[in-house]
Every structure is written in C-alpha cells, then in structure tokens.
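Structure record follows, encoded as structure tokens.
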Amino acid sequence: MTAIEQTEAARPRGTRLPRRARRNQLLGAAQEVFVAQGYHSAAMDDIAERAGVSKPVLYQHFPGKLELYLALLDQHCESLLQAVRTALASTTDNKLRVEATMDAYFAYVEDEGGAFRLVFESDLTNEPAVRERVDRVSLQCAEAISDVIAGDTGLSKDESMLLAVGLGGVSQVVARYWLSSRSTIPRDTAVQLLTSLAWRGIAGFPLHGVEQS
C-alpha cells in the first residue's frame with residue numbers, strides 16, 4: 001500500500017495507527033498537499049486536515065513544514081534512484097538497458113501521485129537542504145549510468161559521466177514534457193522514440209575489449 005493509499009484508508013479522525021503507519025499516512029497527505037499547492041502555499045493545517053488528524057499529532061512526527069517536506073523528498077529521491085538502478089540491472093543488452101532506463105524516468109513522472117514535481121519542479125530549490133538532495137539524486141543516477149557506460153566502452157570516468165548526465169537529463173526533461181503536454185503518444189511509443197534517438201548516439205562507442213571487424 002502506498003503512502004497516499006494509507007492516507008485514504010486512515011483519513012477519518014480518531015483512528016489510532018502504529019507509529020510507522022501514521023508517519024506514512026502523514027507523508028501521503030503531505031504529498032497530496034505539496035504537489036497540489038507547492039511548498040510556499042501549503043500549510044500544516046492543510047496537511048493535518050487532509051490526513052484527518054490534529055496539528056499536535058502532525059507535529060509529534062514532524063517538527064515543522066520543512067522537515068516534513070525533506071522527509072518526503074528523501075523518500076521520492078530514493079525511489080527514483082532505485083528505479084534507475086533496477087532498470088540498468090534488468091538486462092545485459094545495452095539497447096534494452098537504454099530503453100529500460102528511459103522507461104524508468106517516464107514511469108516515475110507518470111505516477112499519479114505526482115511526486116516527481118517535488119524532485120524536478122520544486123518551488124523550494126533556493127533552500128540549501130532541498131537543492132542538495134535534488135543535486136545528489138541527479139548525481140547518483142548519473143553515476144549509476146556512468147558506471148555501465150565506462151565498463152562497456154572503456155571511456156574515461158569524466159567522459160562516461162558527461163554522457164550519463166546527458167542521458168539522464170534528456171530522459172527526465174522529455175518525460176515531463178510528454179506528461180505536461182498531454183501527448184496522444186502512448187508511453188511505450190514515446191520511450192521507443194527517445195530510446196532510438198539516444199541509442200543512435202551511444203551505440204557509436206564500440207564495446208570495450210570487443211574486436212571490430
């Protein structure tokens with residue numbers, strides 16, 4: 001059950017939940033409010049009301065709005081990183097790896113909870129703690145992609161990282177455009193198109209240790 005589903009299940013006031021379940025429920029309510037209103041317009045009153053709890057209960061788990069936002073951001077940055085790592089490990093066929101990684105970004109953006117907006121479209125990036133987390137997950141995703149590129153092509157660490165940042169950046173930017181434009185292109189078709197574009201470039205680097213005819 002997702003955090004938002006737990007929010008729906010536990011919304012009536014007066015329901016006692018185990019601490020972990022209550023925390024997840026509050027995170028689900030906070031996600032709904034932050035995604036809909038942005039950080040600056042959201043209020044702890046709104047989040048408590050959405051969760052069906054009193055403000056004192058909310059403050060028992062999170063001392064302030066920023067701490068709540070950061071906990072939510074940590075959760076969804078980790079989800080993105082794990083999705084990218086899982087995609088890279090899903091096959092040893094490099095074209096399919098590119099496709100799986102592209103699809104990981106599209107799936108992340110398409111998720112109905114809208115958590116990607118906290119990571120890629122936050123209205124709080126001037127806050128150092130938020131900026132650090134967003135930059136870190138972007139770097140970690142790029143490092144995961146870079147490791148595969150370096151291992152397969154023999155390119156230097158810096159060269160591989162440059163390509164990885166490009167692939168990750170293209171993936172999330174195009175996925176967000178695809179969603180925001182309400183494109184009539186199905187997700188799998190969009191992923192295939194982007195994969196074809198990226199593969200034409202990355203396939204130009206020969207596999208390391210493989211003799212070319």
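Does Ile145 count as in a helix (DSSP H, G or I), more than 20 Å from Cys77 (Cα to Cα), assigned by the TED database to the domain that holds Tyr108 and in contact with a Leu (Cβ under 8 Å, 6 or more places away or on another chain)? Walk me through how you get there before you give the answer.
Values: in a helix (DSSP H, G or I): yes; more than 20 Å from Cys77 (Cα to Cα): no; assigned by the TED database to the domain that holds Tyr108: yes; in contact with a Leu (Cβ under 8 Å, 6 or more places away or on another chain): yes.
For Ile145, the condition - in a helix (DSSP H, G or I), more than 20 Å from Cys77 (Cα to Cα), assigned by the TED database to the domain that holds Tyr108 and in contact with a Leu (Cβ under 8 Å, 6 or more places away or on another chain) - is not met.
Testing Val98 on (1) within 12 Å of Leu167 (Cβ to Cβ); (2) without any contact (Cβ under 8 Å) to a residue 12 or more places away in the chain, one condition comes back false. Which one is that?
Of the numbered conditions (1) within 12 Å of Leu167 (Cβ to Cβ); (2) without any contact (Cβ under 8 Å) to a residue 12 or more places away in the chain, the odd one out for Val98 is (2).
Being part of a helix (DSSP H, G or I), within 23 Å of the chain's Cα centre (by Cα) and of a type in the set (Ser, Thr, Tyr) narrows it down to one of Ser160, Ser183, so name that one. Outline the logic, then answer.
Numbers: Ser183 fails: part of a helix (DSSP H, G or I).
It is Ser160.
Kindly indicate whether Gly168 is in a loop (DSSP other than H, G, I, E, B), closer than 16 Å to Ala83 by Cβ, under 14 Å from the mean Cα position of the chain (by Cα) and assigned by the TED database to the domain that holds Glu78. It would help to see each step written out before you state the result.
Numbers: in a loop (DSSP other than H, G, I, E, B): no; closer than 16 Å to Ala83 by Cβ: yes; under 14 Å from the mean Cα position of the chain (by Cα): yes; assigned by the TED database to the domain that holds Glu78: yes.
Spelling it out, it is not the case that Gly168 is in a loop (DSSP other than H, G, I, E, B), closer than 16 Å to Ala83 by Cβ, under 14 Å from the mean Cα position of the chain (by Cα) and assigned by the TED database to the domain that holds Glu78.
Residues are listed down the side, and each one gets a yes or a no for (1) farther than 15 Å from Gln172 by Cα; (2) touching a Gly at 6+ places or on another chain (Cβ under 8 Å); (3) modelled with pLDDT under 95:
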site	(1), (2), (3)
Glu67	yes, no, no
His76	no, no, no
Ala83	no, no, no
Ala89	yes, no, no
Lys95	yes, no, yes
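Between a first residue in the range 31-56 that is assigned by the TED database to the domain that holds Thr125 and a second residue that is open to solvent by 20 Å² or more (accessible area, probe 1.4 Å), which pairs have beta carbons less than 6 Å apart while being 6 or more apart in sequence or on different chains?
Hits for this filter: zero, empty list.
Only one of these conditions is not met by Arg131: (1) buried (at least 19 other Cβ atoms within 10 Å of the Cβ); (2) under 15 Å from the mean Cα position of the chain (by Cα). Which number is it?
Arg131 satisfies every listed condition except (1).
Give me the residue from the range 135-147 that is among the aliphatic types (A, V, I, L, M) and buried (at least 18 other Cβ atoms within 10 Å of the Cβ) and, out of that set, farthest from Leu96 (Cα to Cα).
From the range 135-147, those among the aliphatic types (A, V, I, L, M) are 137, 139, 142, 144-145; that's our starting set.
If we keep only those that are buried (at least 18 other Cβ atoms within 10 Å of the Cβ) too, we end up with 137, 142, 144-145.
Values: Val137: 23, Ala142: 18, Ala144: 16, Ile145: 13 Å.
This residue is Val137.
The values are calculated or read from the model by the stated rules, or taken from the named source; none is laboratory data. The structure displayed is predicted, hence computed values, not measured ones. Positions of Cβ are generated from backbone atoms using ideal geometry, with glycine treated the same way; all protein chains shown enter the neighbour counts. Protein only, heavy atoms only, side chains kept; ligands, DNA and RNA dropped before computing areas. Shrake-Rupley method; radii C 1.70, N 1.55, O 1.52, S 1.80 Å.
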